[in-house]
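Quick notes on the structure that follows.
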Amino acid sequence: MNKDQFEGKWNQIKGDFKKKYGKITDDEYTEAEGSLDKLAGKMQEKYGKTKEEVKKEIDSWS
């Protein structure tokens, strides 16, 4: 998934994502908005996932 695709899907998935990843704060969502790398980093930091796990999960959203 490229950056444009991610940005297009962001608003569609934001609510469901917040339910699943409640440890990530609204400020962190705002900071990561539009940046796949930043969001992946937050997921890794908060949930101890590997970069590969995060990428696979994000790719599954498309």
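Need pairs with beta-carbon distance below 8 Å; first residue part of a helix (DSSP H, G or I) and within segment 3-18, second at pLDDT 70 or above and of a type in the set (Val, Ile, Thr); sequence gap 6+ or separate chains.
Close Cβ pairs satisfying both conditions: Phe6/Ile58; Lys18/Ile24.
Please work out which one of (1) modelled with pLDDT under 80; (2) surrounded by 10 or more Cβ atoms within 10 Å (Cβ to Cβ) is the condition Lys19 fails and give its number.
Answer for Lys19: the failing condition is (2).
List the residue pairs whose Cβ atoms are under 8 Å apart, where the first residue sits in segment 44-62 and is modelled with pLDDT of 80 or more, the second is not in a helix (DSSP H, G or I), and the two are 6 or more positions apart or on different chains.
These pairs meet every condition: Gln44/Thr50; Lys46/Tyr21; Lys46/Lys23; Lys46/Ile24; Tyr47/Tyr21; Tyr47/Lys23; Glu57/Lys49.
The values are calculated or read from the model by the stated rules, or taken from the named source; none is laboratory data. In this text, all values refer to a predicted model and were calculated from it rather than measured experimentally. Cβ: placed from backbone, ideal geometry, glycine included. Neighbour counts: every protein chain shown.
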